[in-house]
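K.L.:
Quick one: structure below, then a few questions.
The values are calculated or read from the model by the stated rules, or taken from the named source; none is laboratory data. Predicted model, so just to flag it, every value in this text is computed and none were measured. Cβ placement follows ideal geometry from the backbone for every residue including glycine, while neighbour counts extend to all protein chains displayed. Each accessible area value is taken on the protein alone, full model and side chains, heavy atoms only, with ligands, DNA and RNA left out. Shrake-Rupley method; radii C 1.70, N 1.55, O 1.52, S 1.80 Å.
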Amino acid sequence: MARVLSLFRPQPFLALVGRRKPTLCKMSMDSRARKVFVAAVEAVQPDTVVRQSIERKEDSVIINGQKFTLKHNLHLVGFGKAVLGMAAEAERIVGDHLVNGVISVPHGIQQTLKQHGKDHLLLKENSHIKVMEGAKHNLPDSDAQKAAEGIKQLASELTEKDLLLVLISGGGSALLPAPIPPISLQEKLDVTRKLAAAGATIQELNTVRRALSFLKGGGLAHYAHPAQVVALILSDVIGDPLDLIASGPTVRSEVWPEEVLSILEQYKLLNSLPASVKDVLGRPSPRWKENKDEIEKAENVLNAVIGSNSVALKCAGRRARELGFRPVVLSPGVCGDVRSVSRLYGLLARFACCQEEPPPEIAAEVLRLGPEVGVESWDLCRTMQVLDEGRTEGWGATCLLAGGEPTVELTGKGQGGRNQELALRVGLELRGLQLPPNGPVFLSGGTDGQDGPTEAAGAITDGGLYEEAQAQGLDINNFLTNNDSYSFFSHLSAGQHLLVPGLTCTNVMDVHMLLIPPIPINIR
C-alpha cells in the first residue's frame, strides 16, 4: 500500500516550473458539463456510427479492415432500439446493391421519430427494407415474434454468393424472440422471469434464453450459412461482450441441455417447468448440428462493435478539452450499488481538490472501493496519479469521465432512475467543498435520454446541494428512502439541476462526469 500511495506525493520542482495557464472559458461549469454530455450522445448516434464504420469504394465496402464485394447480393436484417437509424444510414451507403431487408424495432418508434423531427433516421418511402414494430413496453410479444420469423426466413434463403448485413443495438433480445417449438413465447418468458426473480446472473439468464431460442447464441448466423455475415453492433453492455449483446445471435455459442438443467436445478425451478421446455431440454443433441463446411468457415462471420460507452467517453473528452478541461477517463465499466459509486466520486473529488497533499486514507479507501464498483486498481491508481499531477503542476481544470451502469436497491415507490439517484448521493458526498466555479460539479446521465420512467436522463449537482435543499424545505433522506430522486430534483430550484436532452435515439449506458476547477495549492 505504501508503494501505491507514494504515486500521489507532490513533485515540488514540477510544481514550480511546470505551471500552465488554464484555458479561459466564460461559460458556467453547469453549461460546460451539459455540452460535454451532448458530445458523448452525438458520438454514438445510430447513423453516425454506421457511417463511420462502412467505407464505400465503388462496388465494394471495407468494414473493420475487411473488404466485401457488392454484386446486388446484399441483404439486411436488424433488431434493437437504435436499429431504424442504423438501417437508414446503411441503405444510404449501400442501397444500390440491397436486395431486401427486415428489421425489428420498438413499437411506435417511426411515429416518435417523425414527431421529434428526426427524419434522417427514417427509411425512404421506396426502401427495400421492411420495418416491423413490436416489443411494446420493452417485452417480447407476438409482433416481435413475427419479425423474428421474417428475419429467420430471410437468412435461411441465402446462398454462398450473398452478404448479410446484421444491425444490432440494445433492446435487440426482446425484439428477436424465437422460441423453439413446442415452447410458446409466454412459456419462455415465464421461465426467464422466474430465474431472474430467483437471483440468476445475466450469464445464467442468457444461457437459458439461448437454449430455448432458435436465433440467439449464434442461431441467426447458423441459418444464414453459407452466406457471408457482417454484424455491426451498438453496445449497451459493460465490456461489450458479443455473446451478451442481444444474446449474441451472430456469435457461435453452443449451449448443451445438461448445462441449462443444472442452472434450473440450482434455483429450484426444475419441477415447475412447462412440458414443452422439458421436451426441448430433453433432446440429446444441441439445438442444431453444424456440418463440417460450416465449422471450417467460421470466418464467414464478422462481428464489429461500432458504438459503445468507450466511444462516447472519447468524444466527450475531446469536447471537454475544447471547453478548457484536461480530460481523464477513469473507466467505461462502473457498476455496483449507487451508494458505493457515489462514495467513490466523492472521494476522488476531495482527493483532487486538496490544496495540500491528500491524506493517504483517501487513496486507500478509493482502492478498497474498486472491486465494489467494477474498476480495476490500476485504473484507480492511474487516475489518482493524473489528478495529483494536475493539482501539483497547475494544469488547470480537469474533467474526469466514466461510464457504465450502477444499480439501485429499491426501497420505495418514487420516480427516478440510477442517474438521478447517483447525482443526488454524490451531491451529499461533495458537501463541504467549495461551490462552483471554485468547487467541483458532478453530472450523471443516461445516453438513452431517459432515467427510469421519467423525461429526465439524469441530473447535475455540486457541494451546495444539501444547503440548497434545506433552504427550500426538502428532506433529502426522505426522497432517497422512497427512491424519489426525480421529484426531489423537480422541486429543487424549479428543476434547474435536471438533465433533459429529449429523444437521443441511442443507448450506450450512462456517462458520469466530475468537473474539477483549478485548485490553488500550498507548496512546502
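K.L.:
Within the range 232-246, how many residues are surrounded by fewer than 23 Cβ atoms within 10 Å (Cβ to Cβ) and not β-branched (V, I, T)?
P.N.:
6
K.L.:
Considering every residue within the range 398-406, establish whether at least one is open to solvent by 10 Å² or more (accessible area, probe 1.4 Å), in contact (Cβ under 8 Å) with a residue 40 or more places away in the chain, under 24 Å from the mean Cα position of the chain (by Cα) and within 18 Å of I476 (Cα to Cα).
P.N.:
No, there is no match, as no residue in the range 398-406 is open to solvent by 10 Å² or more (accessible area, probe 1.4 Å), in contact (Cβ under 8 Å) with a residue 40 or more places away in the chain, under 24 Å from the mean Cα position of the chain (by Cα) and within 18 Å of I476 (Cα to Cα).
K.L.:
Let me ask something additional. Starting from the range 367-386, keep only residues that are modelled with pLDDT of 95 or more, then list their pairs with residues that are open to solvent by 40 Å² or more (accessible area, probe 1.4 Å) and of a type in the set (G, A, S) whose Cβ atoms are within a distance under 7 Å, requiring at least 6 positions of separation or different chains.
P.N.:
L367/S377; G370/S377
K.L.:
Go through the range 391-412 and give me each residue that's β-branched (V, I, T), touching a Pro at 6+ places or on another chain (Cβ under 9 Å) and modelled with pLDDT of 90 or more.
P.N.:
The answer is T398, and nothing else.
K.L.:
Further, regarding this structure: What pairs come up if the first residue lies in the range 227-250 and is farther than 18 Å from R210 by Cβ, the second is of a type in the set (D, E, K, R), and their beta carbons are under 7 Å apart, counting only those six or more places apart or on different chains?
P.N.:
Between residues of the range 227-250 that are farther than 18 Å from R210 by Cβ and residues that are of a type in the set (D, E, K, R), the close pairs are A227/E160; A227/D162; I238/E405.
One line per residue, one yes/no per condition, for (1) surrounded by 24 or more Cβ atoms within 10 Å (Cβ to Cβ); (2) without any contact (Cβ under 8 Å) to a residue 12 or more places away in the chain:
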| residue | (1), (2) |
| --- | --- |
| Q45 | no, no |
| V49 | yes, no |
| S53 | no, no |
| E58 | no, yes |
| V61 | no, no |
| G65 | no, yes |
| L70 | no, no |
| V77 | yes, no |
| K81 | yes, no |
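K.L.:
Could you tell me whether the range 20-31 includes any residue that is open to solvent by less than 70 Å² (accessible area, probe 1.4 Å), at pLDDT 95 or above and not small (G, A, S)?
P.N.:
Yes, some residue in the range 20-31 is open to solvent by less than 70 Å² (accessible area, probe 1.4 Å), at pLDDT 95 or above and not small (G, A, S).
K.L.:
Among the residues of the range 152-186, which ones are of a type outside the set (S, T, Y) and open to solvent by 30 Å² or more (accessible area, probe 1.4 Å)?
P.N.:
K152, Q153, E157, E160, K161, P181, P182, Q186
K.L.:
Can I ask one more? Considering only residues of the range 424-449 that are surrounded by fewer than 24 Cβ atoms within 10 Å (Cβ to Cβ) and among the small types (G, A, S), which is nearest to P406 (Cα to Cα)?
P.N.:
Only one residue tops the list, namely G449.
K.L.:
Please name all residue pairs, on different chains or six or more residues apart, with Cβ atoms under 6 Å, provided the first residue is in the range 119-141 and is over 14 Å from A82 (Cα atoms) and the second residue is open to solvent by 80 Å² or more (accessible area, probe 1.4 Å).
P.N.:
Short answer, once both residue conditions are applied: K136/H107.
K.L.:
Which numbered condition in (1) farther than 12 Å from I519 by Cβ; (2) of a type outside the set (S, T, Y); (3) open to solvent by 60 Å² or more (accessible area, probe 1.4 Å) is the only one that A364 fails?
P.N.:
(3)
K.L.:
If you scan the range 453-507, which residues turn out to be within 20 Å of the chain's Cα centre (by Cα) and among the acidic types (D, E)?
P.N.:
E455
K.L.:
Now for a different question. So which residues in the range 196-224 are touching a residue at least 12 places away in the same chain (Cβ under 8 Å), surrounded by fewer than 20 Cβ atoms within 10 Å (Cβ to Cβ) and not polar (S, T, N, Q)?
P.N.:
Within the range 196-224, A198, G199, I202, L205 qualify.
K.L.:
Under 21 Å from C399 (Cβ atoms) and part of a helix (DSSP H, G or I): does that describe L367?
P.N.:
Judged against the criteria, L367 is not a match.
K.L.:
Hey, another quick one. Among the candidates I233, I168, which residue alone is of a type in the set (V, I, T) and either touching a Gly at 6+ places or on another chain (Cβ under 7 Å) or not assigned by TED's automatic domain parsing to the domain that holds L302 (or both)?
P.N.:
Result: I168 is the single residue among I233, I168 that is of a type in the set (V, I, T) and either touching a Gly at 6+ places or on another chain (Cβ under 7 Å) or not assigned by TED's automatic domain parsing to the domain that holds L302 (or both).
K.L.:
Restrict the check to the range 41-63 and report whether at least one residue is over 22 Å from the mean Cα position of the chain (by Cα), under 28 Å from T447 (Cα atoms), at pLDDT 95 or above and not hydrophobic (A, V, I, L, M, F, W, C).
P.N.:
yes
K.L.:
If you don't mind, there's one more thing I want to ask. Could you tell me whether G374 is within 25 Å of the chain's Cα centre (by Cα) and in the same structural domain as R425 (by TED's automatic domain parsing)?
P.N.:
Yes, satisfied.
K.L.:
What tally of residues in the range 352-361 results from selecting those that are free of Cβ contacts under 8 Å to residues at least 40 places away in the same chain and open to solvent by less than 70 Å² (accessible area, probe 1.4 Å)?
P.N.:
1
K.L.:
Return the residues of the range 481-497 that are surrounded by fewer than 24 Cβ atoms within 10 Å (Cβ to Cβ) and touching a residue at least 12 places away in the same chain (Cβ under 8 Å); say none if nothing qualifies.
P.N.:
Matches in the range 481-497: T481, N482, N483, D484, S487, H491, L492, S493.
K.L.:
Follow-up. How many residues are in contact with a Pro (Cβ under 7 Å, 6 or more places away or on another chain) and surrounded by fewer than 16 Cβ atoms within 10 Å (Cβ to Cβ) when one looks only at the range 119-151?
P.N.:
0
K.L.:
Give me the pairs: first residue in the range 267-283 and over 14 Å from R193 (Cα atoms), second residue in a loop (DSSP other than H, G, I, E, B) and open to solvent by 50 Å² or more (accessible area, probe 1.4 Å), beta-carbon distance under 6 Å, and six or more apart or on different chains, which are they?
P.N.:
S276/P182
K.L.:
List the residue pairs whose Cβ atoms are under 7 Å apart, where the first residue sits in the range 318-329 and is in the same structural domain as F37 (by TED's automatic domain parsing), the second is open to solvent by 80 Å² or more (accessible area, probe 1.4 Å) and in a helix (DSSP H, G or I), and the two are 6 or more positions apart or on different chains.
P.N.:
Every condition considered, the pairs that remain are R319/K35; L323/K35; P327/R321.
K.L.:
Would you check which residues across the range 83-118 are open to solvent by 40 Å² or more (accessible area, probe 1.4 Å) and either outside the structural domain of P226 (by TED's automatic domain parsing) or outside any helix (DSSP H, G or I) (or both) and list them?
P.N.:
Those that are open to solvent by 40 Å² or more (accessible area, probe 1.4 Å) and either outside the structural domain of P226 (by TED's automatic domain parsing) or outside any helix (DSSP H, G or I) (or both): V99, N100, H107, H116, G117, K118.
K.L.:
Determine, yes or no, whether E421 is open to solvent by less than 60 Å² (accessible area, probe 1.4 Å), farther than 26 Å from L323 by Cα and under 19 Å from the mean Cα position of the chain (by Cα).
P.N.:
Criteria met by E421.
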